[in-house]
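Reading through the structure tokens given below for one structure.
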Amino acid sequence: MGESNWHLTSLADETSCGGIATVALLLLESEPTMLFATVSLSPSPTALPGSAALQQIADGIASWALIGALVSLLLGAALWAVGSHTQNMHQSMAGRRAVVTSLLASVLIGAAPTLINFFFKTGLGVH
């Protein structure tokens, strides 16, 4: 109890002549340091019930996304061809943009698991 009174008296003395920065420094120096428990993370597809169903949903969404990219590629290529043959530059550019976008989308869909795993492992390496 005597120690806490000294702390308050010292804090009051510092406040009158040292300012807020000194008070903050005293608080940081006087507080006991808290030690945090070490935690770890290791994702497991079998850790929770329903994980197999969730994996099937992710696979189904990826399949739909690839089908959407394929349809977009076909429509974009048709739009690009028609626009080029009719000298419609706007239509041609829109078709070209659709083709490039659908190709990039399919690359991202295919690379998604690898990208997620890479960044997860990179995050685990941060200390």
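No value in this document is a laboratory result; all are computed from the given coordinates. Treat the numbers as computed from the prediction; the structure is a model and nothing was measured. Methodologically, a virtual Cβ is constructed for each residue, glycine included, from the backbone with ideal geometry; neighbour enumeration extends over all protein chains shown.
Brief remarks follow.
- Principal semi-axes in Å for the range 54-124 [√(5λ), Cα gyration tensor, largest first]: 33, 14, 6
- Peptides 51-60, 72-81 ranked from most to least packed by the mean count of surrounding Cβ atoms within 10 Å: 72-81, 51-60.
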